[in-house]
Each structure stands twice: as C-alpha cells, then as structure tokens.
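Heads up, the thing below is written out as structure tokens.
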Amino acid sequence: MKITEILDLRDAVPFVPFSVELNSGRIIPVPSHDHLFVPPNKQYVVVANDHLYVVDLENVAALVVGQ
C-alpha cells in the first residue's frame, strides 16, 4: 500500500470514514482524520480508536471507504 493513498483519504474534505484492511483479514476503522497518525518516516501508520494500532504499510491489503 502506498502512503499517499492513505494520506489522501485522511486529508479529504469532507472526510469520509474508512477502514484499513490488513492481510490477516483484520479491519481497523478510521472514524475521523484525528484517529490516524503518520510519522515523519512514513513507513507505518498509527490508528487510535478503541485500541492503538501500529500498522506496517506492507501489511495493508485494502482501504475500504464509507462504512
């Protein structure tokens, strides 16, 4: 997965909730742009909702828009 695809969804105006689907099948919801963080090296993302997820981009299978 390319970081630009995730950043485009996070920074969209208006924001549309989306989910990060991992290769394992786990789905991590991103309910608002405030729930997704990208460090300066842009090699992973952090999703903070009910739990805290550190996601390596190599483990992202898909981005699912609009729940």
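The values are calculated or read from the model by the stated rules, or taken from the named source; none is laboratory data. Keep in mind that this is a model prediction, so the values were computed, not measured. Just the protein is used for accessible areas: all its heavy atoms, side chains included, with ligands, DNA and RNA removed. Shrake-Rupley method; radii C 1.70, N 1.55, O 1.52, S 1.80 Å.
Ordered by 1.4 Å accessible area with all protein chains kept, Phe15, Phe37 run largest first as Phe37, Phe15.
Does the range 1-47 come out rounded, prolate or oblate by the C-alpha gyration tensor, with a ≥ b ≥ c the root eigenvalues, rounded set by a/c under 1.5 and, if not, prolate when a/b is larger than b/c and oblate if not? Oblate, because a/c is 1.5 or more while a/b does not exceed b/c. As a fraction of the 1.4 Å probe accessible area of the chain, surface on carbon and sulfur atoms comes out at 54 percent.
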